[in-house]
Structure formats: structure tokens, C-alpha cells
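**Student:** Below are the C-alpha cells for one structure; questions will follow.
The values are calculated or read from the model by the stated rules, or taken from the named source; none is laboratory data. A quick note: this is a predicted structure, and the numbers were derived from the prediction, not measured. Please note: Cβ atoms are built from the backbone with ideal geometry, for glycine as well, and neighbour counts cover all protein chains shown. Note: areas computed on protein heavy atoms with side chains; ligands, DNA, RNA excluded. Shrake-Rupley method; radii C 1.70, N 1.55, O 1.52, S 1.80 Å.
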Amino acid sequence: MPKDHTSLISDLEEKLKECSSSHDIANIKSQYLGKSGIITNKFGSLKDAALDERKELGRSLNILKTQIQNLIAAKLIEIQDVKNDNKVDITLPGKNISTGSKHPVSITINGITSILAKYGFTSVSGVEVEDEFHNFEALNIPETHPARDMHDTFYVSDDKLLRTHTSSVQIRSMLSNKAPLKIMTPGKVYRCDSDPTHSPMFHQIEGLYIDKNVNFCHLKGVLISFITEFFGKDMEIRFRPSYFPFTEPSAELDIKFKGKWLEVLGCGMVHPNVLSNVKIDTKKYSGFAFGLGIERLAMLKYDIVDLRMFYENDISFLSQFKGLK
Amino acid sequence: MKISLNWLKEYIPNIKKNDIFIEELTSLGLEVSSEVKVKKDTVIDIDMTPNRADCLSIIGIARDLSAIYKNKIAYPKAIKFLKLKHSNILAIDKKISSSYSALIIKNIDNSLKTPFFIKNRLDMCGLKTINFVVDVLNYVMLENGQPMHAFDHDKFNGNIKVRFAKNNEKMTALDGQNYTLMKDIPVIADDKKPQAIAGVIGSEESSVTDKTKNIIIESAYFTPNLIRRSSKHFRLQTDASYRFERGVDPLINKYAIGRVLAILTEHTSIEDFSFNHLSAPKVAKHINRSILVKPNLFESSLGIKISDKFILQTLSYLGFNPKKSKKGFSVTIPSHRFDIGIAQDLVEEVARVYGYNNFKPILATNSLNNIKDSTNQFDGYSDLLVARGYNEIISFSFIPKGDQSNHVPKTKIASLVNPISEDKAELRGSMINSILNTCAYNFSRKNNNLRIFESGKTYIKHRDKSIIEENILAGAISGINSESNLKNEQVKLSFFDIKGDLLSILPDVSFEVNADIKYIGKACQAVIKQNNKIIGYCGEPEKSLYSQYSIKNQIFYFELMIDKITPISSLKYKKISIFPKIRRDLTILIDDEVIASDIIDAVQRKSFNYMITSKISDIFYNKSNLDIGNKSMTIEFVFQDKSSTLRDEQVNDEMEKIVLLLKNKFKAIVRS
């Protein structure tokens with residue numbers, strides 16, 4: 001675009017800014033596009049141009065004219081809208097707003113499974129009404145272990161119980177799929193316990209990785225990355241020895257939270273007896289497992305202090321989680 | 001377990017005075033859950049895992065620490081009984097106790113004040129002071145882990161017998177309670193009756209007071225399972241039973257009793273005592289057991305190379321006897337370690353002394369892809385419901401006893417054998433109770449506008465006693481469309497809101513009348529079908545449920561059997577016609593009994609030329625200009641041709657045929 005055209009446009013823009021009525025705009029319009037307006041005159045002087053330049057000049061003049069027309073038209077609409085009271089009060093309430101939300105437990109499970117999926121874990125589910133073999137025996141939990149007590153386990157009949165952990169799903173997966181295996185098992189679990197920090201039903205997710213040459217460093221790798229990603233920042237993490245019948249060595253992972261060490265998950269290398277129980281060759285394969293309570297993690301992440309909130313299902317509580325997946 | 005730090009330090013030579021080894025304890029697996037300063041000392045509380053019975057004493061904890069500090073622990077002095085001065089007759093059932101020591105002390109002054117340091121330490125460790133001898137026994141128990149019991153010899157009739165109780169034998173214990181014994185409860189008895197429930201609690205009758213002159217001190221190893229059984233049976237846990245059921249070192253009872261005598265003689269003169277000890281040839285299975293650890297096991301399990309020197313040293317400090325050979329490490333298990341059974345257990349021993357935090361993390365993100373994801377069946381539907389304003393809820397799988405008796409047959413209800421309370425006694429056989437319970441809870445809190453759903457399981461008992469779990473997605477709505485709306489835009493939610501929501505998430509389902517579901521009322525009840533298969537139900541809950549949950553607000557409910565839904569998977573694109581659509585409305589008067597789907601189905605089945613859609617677009621009931629029993633219905637038809645622009649006459653011809661059909665079939669009267 002020729003230089004004088006550019007300055008013409010910016011001149012016009014300046015002038016339009018000053019306009020406050022359609023009358024002002026009409027004046028400007030005639031200044032430019034009227035019978036003796038600037039543009040009309042320019043078209044008039046086209047015939048003075050050299051024959052070979054005339055075509056090019058005409059084209060750029062047409063572009064200029066269109067631009068000017070558009071600018072004037074836009075300003076006119078702007079002024080009319082305000083004047084005609086068509087302006088919308090966009091601060092009025094939106095219509096049919098839905099405050100739908102996922103349950104914080106589901107949100108937490110989704111958060112965890114999407115991280116673990118990146119590490120190669122596949123989500124697997126199983127039955128909640130279990131038998132002693134899958135819930136206890138196969139997991140190397142002896143008859144005398146505290147977890148076997150009537151006190152902790154809900155029984156549905158003499159030989160059927162509500163699973164006390166999702167490890168039973170791991171046993172079923174190992175029995176049907178054998179090694180190698182890389183699974184996670186989210187779900188409901190049940191313990192005969194009820195107080196402000198224990199619920200008779202809660203949610204767990206466990207992870208299991210069985211393959212050749214899996215060792216303790218791999219376990220630490222997955223869990224440290226997982227905790228960091230889940231909380232979205234570097235956390236102070238420590239591993240300390242612990243005891244579970246189904247892992248050896250066993251460990252617990254603590255995170256520093258508000259200056260205090262908090263236990264967040266249990267883990268360890270899968271006990272050779274467990275692998276033998278599901279007919280996996282311990283000479284060829286080894287693996288690690290970990291398990292954590294969903295509610296506990298959700299409480300830490302969302303600063304929830306009372307476990308009972310999760311199952312009261314008060315809409316005022318639930319709808320606070322809108323927007324989270 | 002509460003212990004004094006200063007006391008603990010005494011057994012680790014060369015430890016610096018200011019050393020605080022709380023971090024070290026935790027990293028060894030002896031997690032310190034609290035620390036409290038008491039004068040110049042600190043009391044720490046250790047959360048002991050059930051496998052570490054060997055650490056239920058100061059010496060045990062010191063032994064673990066010694067592996068880190070590389071200092072052999074200094075065992076406290078005890079009197080050694082070389083010659084047995086007196087042979088008191090013991091009759092011991094070896095199944096109960098395979099190693100049993102008894103010391104009889106005559107003419108002791110038990111009114112002596114307990115030495116201050118003992119009193120102080122018992123206090124810090126949370127034990128009450130009772131009297132001189134009993135306090136010394138407790139002190140030695142804290143120190144060495146061997147629980148002991150003192151009987152008043154003068155009230156003990158004759159010889160010591162360790163036997164199983166007879167049914168209905170009775171004993172009043174130290175806690176003042178009367179216990180009725182039975183034949184699998186091990187007891188310590190005199191010639192007449194039980195004087196103690198072995199390893200748990202002594203009798204009141206033979207208990208030692210500050211006036212007692214002659215005392216029998218028992219120090220024994222009891223078979224852990226038997227003590228656990230007694231403790232469970234009587235719901236009674238004592239410092240003794242807690243240790244015995246986890247496993248007390250079977251070889252220290254003699255030493256412990258000598259240690260008691262050493263302390264007693266430091267504070268009073270004891271001239272007349274006699275000692276006896278009985279033991280089975282094989283005291284416990286784990287003693288002198290040897291485990292072979294293959295040379296590469298440490299590295300293959302832990303991921304890093306740990307030097308032979310570190311392994312041998314660590315295991316020695318912990319009390320093992322390890323030997324390196326070509327085959328690997330041959331490790332003999334000490335009597336205090338009940339928990340070591342396989343090579344992998346020794347890997348943990350080395351690892352925890354090495355420090356779990358000293359292993360480098362390696363992230364393996366390989367995917368095996370050999371298993372199908374079986375958990376996400378709800379995911380898509382949940383997301384869609386949330387987008388339509390539903391809040392997801394999670395309810396307990398158990399519901400109050402009797403709550404479902406109206407709609408689940410008694411034989412199909414799965415009940416808990418040991419419910420935590422009556423209101424959590426049965427597993428839910430359908431979702432309706434959970435959903436209505438949540439509605440009622442929210443109504444009581446003035447949350448009147450609800451859109452909720454839950455994805456969970458129902459549990460139904462079958463004839464063979466097996467329990468069938470079914471995945472259900474259920475929900476309910478109540479109140480108005482949206483609280484955010486201006487007053488004149490607020491509309492009460494109806495059945496058609498829930499129907500609309502369901503059709504939005506499952507576009508290929510149909511709603512049919514005549515569902516037969518007990519908990520949904522007859523007036524507003526629909527069965528939801530996909531490909532002619534029932535996949536769910538919806539409607540308004542049955543009246544009695546409103547009163548059962550004291551609900552006054554109107555509710556609409558739905559449930560979908562998730563596993564029966566076929567996701568739309570194979571879809572073929574249909575060519576879009578570029579020619580204009582023609583819309584025609586037809587308003588008819590029709591009998592009230594005729595339902596919308598009758599008309600639409602009839603029209604659809606005929607497949608009129610060019611007709612691409614037909615739907616009900618308006619309806620009026622009982623307006624003044626209509627006969628009672630009739631309704632006015634407007635049907636909207638859309639016509640389009642694939643290959644040319646339709647002419648009006650073509651559409652008129654089809655409309656005439658439609659009118660004729662409706663007249664013949666439903667006696668419809670066309671309104672102008």
C-alpha cells in the first residue's frame with residue numbers, strides 16, 4: 001500500500017475516535033467518500049496517471065475505498081448499539097448453570113491411574129466379595145495374622161468375606177495372566193472399623209509389577225515420580241522398613257507434610273511365597289507391589305479433615321469439586 | 001512402645017552423649033512416632049511392626065542400632081546359676097512351654113522402696129510401680145523382653161504345674177475379673193487350681209504384695225499361638241501376653257531370672273533361694289536354623305552391589321552367624337528372630353541397615369500391554385452426567401437392616417455375619433436405597449435441587465449361596481432446572497429431564513412402558529432398552545419409599561446396568577443430501593389413551609417417501625374447546641430428497657397418506 005494511503009487510514013482512525021454521534025460520522029463520510037471527497041477526487045485524478053500505472057493505482061485505490069467504508073460502517077454500528085440500548089448486561093446470571101462434579105474419591109483415583117498409566121500400568125478390577133484364599137492365604141497372610149481376625153474382616157458367610165484390600169485382584173490377575181505383569185487395581189475395600197479416622201468402607205489402589213530383573217530401585221523410581229506428579233511439586237519423601245506378609249523387603253513411604261512425616265503408602269518386593277502361590281517362577285521373575293488409601297491422599301490434597309464427609313454426600317461438599325476430573 | 005533414650009544409650013558403648021538416634025531408629029524400621037523431653041531425658045514412642053518381637057525391649061532396640069554404630073552391645077550383668085541348689089518339682093506340658101525357669105526366694109523384705117532409677121524408668125516407659133519385686137521384674141522385662149511373673153509362695157499350694165485348664169475351672173485374676181477357663185487355655189496351676197492364665201495374667205489369690213515374704217518367680221517361654229488364643233478369647237492384652245504372642249527369645253528366660261536376682265541382691269540381702277529350669281531338647285523350630293543366600297540375591301533384589309564385608313558385618317551385629325562360601329552366604333538364625341524364614345528376609349535385614357533412602361530410584365515406564373483395562377466401564381457416562389449437572393456420590397455398600405425388604409426377596413439379600421452396626425447390616429441389592437438416602441440427607445440440609453448419580457455395585461445372593469455383583473449406574477433428580485436461572489426461567493424438573501439426560505448420554509436407547517420394577521411407581525415408570533435388550537429403568541420411586549425416607553420432594557430415579565450396555569462402536573457415515581428440507585406440522589385431536597410412541601412408531605414403520613424425521617412438537621390436554629378424553633398433538637415432519645429439490649406437491653401427497661393412516665389407525669381428527 002502506498003505511503004499516503006497508510007497515513008490516510010491512520011488519519012481517519014484518529015478522526016473516528018473523536019466521533020460521538022452518527023451526525024459526526026456522516027460528516028466524515030462525506031469528507032472522504034462524498035462528491036468532492038478525498039477518495040472521489042483520487043479516483044478522478046486517475047486519468048492523469050501514466051497508462052501503465054493506471055491499472056495498479058486503480059486497484060490500490062479500490063482497496064483503500066473498501067477499508068475506509070468498513071471503518072466508517074463499524075464505527076456507525078458501535079455508536080448505534082450504545083444509543084439503541086442494545087447493550088447486553090453480561091453480568092446477569094448465566095442460564096442453566098450446572099454444578100455437576102465428580103466425587104473427590106473418583107477424582108483422586110483418576111489422578112492416580114492417569115499417572116500410573118504413563119508408567120505402563122493397566123487398570124484391572126475384580127470382585128468385592130472374596131474368599132479366604134484370594135484375600136489371605138495366597139498373600140502369605142497366616143491364620144494368626146491380625147488381619148485374619150473377625151475383628152477386622154466382614155464376613156458374608158462362613159467362607160465369603162468382603163475383601164480387605166485390592167491385593168485379591170492382584171492374585172486373580174497373576175493366576176490368570178502369569179508373568180510379566182504390570183497392573184493397578186483401584187476399588188472399594190472393607191474393614192470392620194469405624195471412627196473419625198477409619199471407615200468400614202474405603203478405597204484403595206494397588207500397583208504390581210512382575211518382570212525379569214525388577215528390583216528395589218525400580219520400586220523407588222515409580223513411587224517417587226508418582227508422589228511428585230500427584231502433588232504437583234517436589235515433596236520431601238522417605239522410605240522406611242516396615243512389615244507386610246506379602247512383601248519382603250517391605251517399606252512404607254512417608255511424605256513431609258506441614259512439617260510432619262505422614263505415612264502415605266506401603267510397598268515392597270513381592271514375597272517369594274506369594275509368587276509361588278500363583279505359580280510364578282521365582283527363579284525367573286521378581287516384582288514389586290504397593291498400595292495406598294485413596295481417601296487419605298484426597299484428604300491431604302484437598303485439606304479435608306473429616307473422613308465421613310466422603311460418604312455423607314452433602315451437595316454443598318460435593319459441588320466444591322466441580323471442574324476437576 | 002515407650003522407651004527412655006538415656007536408658008537405651010547405656011547399652012551402646014562409645015556413643016556420644018548428645019547423639020540422638022531417632023532418624024536412625026526410623027530408618028531401621030523402628031518408627032519413632034513421638035518424642036517427649038522429660039527432664040534430662042527423652043521418652044520416645046516406637047511403632048513396632050508385628051514381626052519385630054525381638055525389639056520389644058531396650059536390648060533388642062540397642063542390638064538393631066549396634067549394626068549402624070558398629071558397636072557390639074554391652075549386655076547387663078546377671079547371676080549365673082551353675083549349681084541348682086534346690087530342685088522344686090515342676091510338671092510342665094512341653095506343648096505350652098518348652099523352656100521354663102523358676103526361682104524361689106525365701107525371706108525377702110518386699111516392703112522395700114523400689115530404687116528411684118527403676119521407678120523413674122518404669123514411669124517413663126508407661127508402667128505403674130507396684131512393689132519392689134514386681135517392679136524389678138517389669139524393669140528386666142523392659143530391658144530384656146522377658147515377661148516374668150511372681151507368685152506368693154505361701155499361697156501357692158505345692159508344686160508348679162504348667163498344663164491346659166479343665167473345662168469350667170475358675171480363676172479370679174489380678175484385674176479383679178472372674179475368668180471361666182476351658183480345656184485349650186494353658187494355665188500355671190498349683191496342686192489345687194490355676195494360679196495364672198499362662199503368659200497373660202496371674203491370680204489375685206497368689207499375687208505378691210509388699211507383705212509377701214516368700215516368692216516364686218517364673219520366667220518362661222510360652223508357645224506364641226497358645227498365648228494369642230488365650231488373649232483373644234478373654235479379650236485381654238497385657239504387657240506379658242503382647243510379648244509372648246509375638247515371640248519372646250526362648251533362650252533367655254534363665255538369663256533374665258539371673259538378671260532379676262542380680263538387681264535384687266544389689267538392694268537387699270538374699271540368702272535363701274533355689275532355682276530350677278526345665279527345657280525340651282528342641283526349644284523352638286527356628287533355633288539354629290541355617291539359611292543359604294545365593295551370592296547374587298542381594299544385588300538382584302536391591303538393584304545395587306553391596307559389599308560382602310557390609311553384609312557379613314551387618315548380620316553379625318544383628319546377632320546372626322553368617323559365613324561366606326562359594327555357594328553364597330550361610331546364615332544361622334539367632335533365637336530372638338522368629339521372623340526370619342527365607343533368604344529374602346535376610347535381604348531386608350541388610351537393606352534396612354544400609355538405609356532404604358540410599359538406594360537410587362530408577363523409573364521403568366515400559367508398557368506390557370498384555371492385559372485389558374477392566375475398570376473404566378463407567379468413565380464416559382460419568383463425565384457426560386457431570387457435564388449435565390450431576391454430582392457424583394459414593395455411598396456405603398451396606399444399608400440398614402430391613403430397608404430393602406419391600407423390593408428384594410429375603411433369600412436374595414446378602415447380610416453381613418458381623419456387621420459393625422444395625423444400620424450397616426445388609427449389602428444393597430439395588431441402588432435405590434443409596435440414592436434415596438442421599439436425597440433425604442440433602443433435603444434435610446435444605447439442598448432441594450439435586451442431580452446426583454452413583455456408579456457402584458449391587459449384591460444379590462443366589463441359590464448356591466454365591467453372591468453376584470453387578471455394576472450399576474444410578475441417579476436421581478429433584479427440584480428446579482437451575483438455581484442460577486432468573487425466576488421466570490426456573491422450571492421444576494420432571495421425568496422428561498431425566499429422560500433427556502439419559503438420551504444425551506445414550507443416544508441409541510429407547511424408553512418403553514410396562515417396566516416391572518417394584519421400587520418404581522406404576523404411574524411413571526419406564527424400561528430403558530438398547531437393541532431390544534433391557535439395560536435399565538427409570539421413573540418416579542414407589543410411594544412407600546417416599547415415606548420410608550420421609551421425603552416430601554418429588555424425585556425421579558434412573559438406573560443403568562452398565563455391563564449390559566453396548567457402546568456404539570461400528571458406525572458408517574451416511575451421505576448428506578444437499579437439497580433443501582421441507583418442514584410440515586400436523587395438529588390432530590386424538591384419544592388420550594393413544595401414547596406418543598404409538599403415533600411415531602406407526603408413522604416410522606410405514607416409511608413414507610422423502611420423510612427423514614417425525615417427532616411430537618406440541619401437546620395440549622383438556623383445553624375447553626376439546627372433548628374430555630381427547631388431546632391435541634402436533635407432529636413435525638421433515639422431508640428431503642437425496643437427488644433433487646422436492647416440490648410442494650410431492651410433500652403434499654405424502655402428508656395426505658400420513659393423515660389417512662392416522663385417521664384409520666387412531667381415529668385422529670385433523671385440526672386446521
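**Student:** Taking B:T411, is it more than 24 Å from B:P567 (Cα to Cα) and surrounded by 15 or more Cβ atoms within 10 Å (Cβ to Cβ)?
**Tutor:** Values: more than 24 Å from B:P567 (Cα to Cα): yes; surrounded by 15 or more Cβ atoms within 10 Å (Cβ to Cβ): no.
Considered against the rule, which asks whether it is more than 24 Å from B:P567 (Cα to Cα) and surrounded by 15 or more Cβ atoms within 10 Å (Cβ to Cβ), B:T411 comes out as no.
**Student:** Please pick out the residue among B:S544, B:S510 that is among the hydroxyl-bearing types (S, T, Y) and within 17 Å of B:Q404 (Cα to Cα).
**Tutor:** It is B:S544.
**Student:** Same structure again: Does any residue of segment A:179-187 turn out to be more than 7 Å from chain B (Cβ to nearest Cβ), open to solvent by 20 Å² or more (accessible area, probe 1.4 Å) and closer than 21 Å to A:Y119 by Cβ?
**Tutor:** Yes; the residues of segment A:179-187 include at least one that is more than 7 Å from chain B (Cβ to nearest Cβ), open to solvent by 20 Å² or more (accessible area, probe 1.4 Å) and closer than 21 Å to A:Y119 by Cβ.
**Student:** Now for a different question. Specify the residue that is nearest to A:V222 (Cα to Cα); the eligible residues are those in segment A:248-260 that are facing chain B (nearest Cβ under 9 Å) and touching a helix residue (DSSP H, G or I) at 6+ places or on another chain (Cβ under 8 Å).
**Tutor:** A:A251
**Student:** Residue check, A:D195 against (1) farther than 17 Å from B:Q344 by Cα; (2) at the interface with chain B (Cβ under 9 Å from one of its Cβ atoms); (3) open to solvent by 10 Å² or more (accessible area, probe 1.4 Å), all met but one. Which one?
**Tutor:** Going through the list (1) farther than 17 Å from B:Q344 by Cα; (2) at the interface with chain B (Cβ under 9 Å from one of its Cβ atoms); (3) open to solvent by 10 Å² or more (accessible area, probe 1.4 Å), A:D195 breaks only (2).
**Student:** With the condition kept exactly as written, say whether any residue in segment A:200-217 is at the interface with chain B (Cβ under 7 Å from one of its Cβ atoms), assigned to a helix (DSSP H, G or I) and in contact with a Ser or Thr (Cβ under 9 Å, 6 or more places away or on another chain).
**Tutor:** For segment A:200-217, residues at the interface with chain B (Cβ under 7 Å from one of its Cβ atoms), assigned to a helix (DSSP H, G or I) and in contact with a Ser or Thr (Cβ under 9 Å, 6 or more places away or on another chain): present.
**Student:** In addition: For segment A:32-43, give me the residue count where each residue is more than 10 Å from A:I72 (Cβ to Cβ) and assigned to a helix (DSSP H, G or I).
**Tutor:** Within segment A:32-43, the first condition is being more than 10 Å from A:I72 (Cβ to Cβ), and the residues that meet it are A:34-43.
If we keep only those that are assigned to a helix (DSSP H, G or I) too, we end up with A:38-43.
Final tally of qualifying residues: 6.
**Student:** Which residue, of A:L262, A:L300, is surrounded by 17 or more Cβ atoms within 10 Å (Cβ to Cβ), assigned by TED's automatic domain parsing to the domain that holds A:I183 and modelled with pLDDT under 95? Please lay out each step first, then the result.
**Tutor:** On the way: A:L262 fails: surrounded by 17 or more Cβ atoms within 10 Å (Cβ to Cβ).
Going through A:L262, A:L300 in turn, just one is surrounded by 17 or more Cβ atoms within 10 Å (Cβ to Cβ), assigned by TED's automatic domain parsing to the domain that holds A:I183 and modelled with pLDDT under 95: A:L300.
**Student:** Scan segment B:276-310 for residues that are over 24 Å from B:S99 (Cα atoms) and in a loop (DSSP other than H, G, I, E, B) and jot them down.
**Tutor:** B:K294, B:P295, B:N296, B:G303, B:I304, B:K305, B:I306, B:S307
**Student:** I would also like to ask the following. Sort through A:I304, A:I294 and tell me the only one that's of a type outside the set (S, T, N, Q) and closer than 25 Å to A:N177 by Cβ.
**Tutor:** Matching residue, one of A:I304, A:I294: A:I294.
**Student:** Among what's in segment B:419-437 and is at the interface with chain A (Cβ under 8 Å from one of its Cβ atoms) and in contact with a strand residue (DSSP E or B) (Cβ under 6 Å, 6 or more places away or on another chain), pick the residue that is nearest to A:D159 (Cα to Cα).
**Tutor:** B:L427
**Student:** Taking B:R228 as meeting all but one of (1) part of a loop (DSSP other than H, G, I, E, B); (2) under 25 Å from B:K254 (Cβ atoms); (3) without any contact (Cβ under 8 Å) to a residue 24 or more places away in the chain, write down the number of the exception.
**Tutor:** (1)
**Student:** Identify, from the list A:P272, A:P241, the residue that is within 10 Å of chain B (Cβ to nearest Cβ), open to solvent by less than 60 Å² (accessible area, probe 1.4 Å) and touching a Lys or Arg at 6+ places or on another chain (Cβ under 6 Å).
**Tutor:** On the way: A:P272 fails: touching a Lys or Arg at 6+ places or on another chain (Cβ under 6 Å).
Answer to the check: A:P241.
**Student:** Which of the residues belonging to segment B:374-389 are at the interface with chain A (Cβ under 7 Å from one of its Cβ atoms) and open to solvent by 70 Å² or more (accessible area, probe 1.4 Å)?
**Tutor:** Residues satisfying the conditions are B:N376, B:A387, B:R388.
**Student:** OK, next. Look at B:I371 and say whether it is facing chain A (nearest Cβ under 7 Å), modelled with pLDDT under 95, surrounded by 15 or more Cβ atoms within 10 Å (Cβ to Cβ) and assigned to a loop (DSSP other than H, G, I, E, B).
**Tutor:** Spelling it out, B:I371 is indeed facing chain A (nearest Cβ under 7 Å), modelled with pLDDT under 95, surrounded by 15 or more Cβ atoms within 10 Å (Cβ to Cβ) and assigned to a loop (DSSP other than H, G, I, E, B).
**Student:** Going by the structure shown, is A:I77 of a type in the set (A, V, I, L, M, F, W, C) and surrounded by 13 or more Cβ atoms within 10 Å (Cβ to Cβ)?
**Tutor:** Judged against the criteria, A:I77 is not a match.
**Student:** On to the next question. Which of the residues spanning segment B:524-554 are open to solvent by 40 Å² or more (accessible area, probe 1.4 Å), out of contact with any strand residue (DSSP E or B) (no Cβ under 6 Å at 6 or more places or on another chain) and in a loop (DSSP other than H, G, I, E, B)?
**Tutor:** Within segment B:524-554, B:N531, B:N532, B:S550, B:K552, B:Q554 qualify.
**Student:** So, in segment A:93-119, exactly how many residues are within 28 Å of A:F226 (Cβ to Cβ) and either of a type in the set (S, T, Y) or more than 7 Å from chain B (Cβ to nearest Cβ) (or both)?
**Tutor:** Here is the first cut: in segment A:93-119, the ones within 28 Å of A:F226 (Cβ to Cβ) are A:101-119.
Then drop every residue that is not either of a type in the set (S, T, Y) or more than 7 Å from chain B (Cβ to nearest Cβ) (or both), which leaves A:101, A:104, A:106-117, A:119.
Final tally of qualifying residues: 15.
**Student:** Sort through B:E422, B:E426 and tell me the only one that's buried (at least 20 other Cβ atoms within 10 Å of the Cβ) and of a type in the set (D, E, K, R). Full working, then the answer.
**Tutor:** On the way: B:E422 fails: buried (at least 20 other Cβ atoms within 10 Å of the Cβ).
None of the other options fit; the residue is B:E426.
**Student:** Here's another thing I want to ask about it. How do the pairs read when you match residues in segment B:285-302 that are without any contact (Cβ under 8 Å) to a residue 40 or more places away in the chain with residues anywhere that are open to solvent by 70 Å² or more (accessible area, probe 1.4 Å), using Cβ under 8 Å and keeping only pairs 6 or more apart or on different chains?
**Tutor:** Going by the 8 Å Cβ cut-off, the qualifying pairs are B:P295/B:K327; B:E299/B:K305; B:S300/A:N213.
**Student:** Do you know which residues across segment B:116-140 are of a type outside the set (D, E, K, R), part of a loop (DSSP other than H, G, I, E, B) and out of contact with any helix residue (DSSP H, G or I) (no Cβ under 6 Å at 6 or more places or on another chain)? Don't jump to the end; show me each part of the working.
**Tutor:** At the first step, the residues of segment B:116-140 found to be of a type outside the set (D, E, K, R) are B:116-118, B:120, B:122, B:124-127, B:129-134, B:136-140.
This time we only want the ones that are part of a loop (DSSP other than H, G, I, E, B), so: B:125-127, B:129-131.
Passing the criteria: B:G126, B:I130, B:N131.
**Student:** Could you check segment A:316-325 and list, in sequence order, the residues that are open to solvent by 20 Å² or more (accessible area, probe 1.4 Å) and either in contact (Cβ under 8 Å) with a residue 12 or more places away in the chain or outside any helix (DSSP H, G or I) (or both)?
**Tutor:** A:S319, A:Q320, A:K322, A:G323, A:L324, A:K325 - these are the residues of segment A:316-325 that are open to solvent by 20 Å² or more (accessible area, probe 1.4 Å) and either in contact (Cβ under 8 Å) with a residue 12 or more places away in the chain or outside any helix (DSSP H, G or I) (or both).
**Student:** Look through A:K75, A:K17 and report the one residue that is within 45 Å of the chain's Cα centre (by Cα), part of a helix (DSSP H, G or I) and basic (K, R).
**Tutor:** A:K75
**Student:** Scan segment A:288-307 and give yes if some residue there is in contact (Cβ under 8 Å) with a residue 24 or more places away in the chain, more than 19 Å from A:V105 (Cα to Cα) and either in a helix (DSSP H, G or I) or within 11 Å of chain B (Cβ to nearest Cβ) (or both), otherwise no.
**Tutor:** yes
**Student:** Specify the residue that is nearest to the chain's Cα centre (by Cα); the eligible residues are those in segment B:127-183 that are under 30 Å from B:I44 (Cα atoms) and open to solvent by 50 Å² or more (accessible area, probe 1.4 Å).
**Tutor:** Filtering segment B:127-183 for residues under 30 Å from B:I44 (Cα atoms) gives B:127-150, B:174-175.
Adding the requirement that they be open to solvent by 50 Å² or more (accessible area, probe 1.4 Å) leaves B:128-130, B:174-175.
Working: B:K128: 34, B:T129: 38, B:I130: 39, B:L174: 35, B:D175: 33 Å.
In this case the residue turns out to be B:D175.
**Student:** Considering segment B:335-354 alone, what residues qualify as being open to solvent by 10 Å² or more (accessible area, probe 1.4 Å) and touching a residue at least 60 places away in the same chain (Cβ under 8 Å)?
**Tutor:** B:S335, B:H336, B:F338, B:D339, B:V353
**Student:** Further, regarding this structure: Checking the conditions here, which among B:E392, B:E299 is of a type outside the set (V, I, T), within 10 Å of another protein chain (Cβ to nearest Cβ) and open to solvent by less than 30 Å² (accessible area, probe 1.4 Å)?
**Tutor:** From the options B:E392, B:E299, the qualifying one is B:E392.
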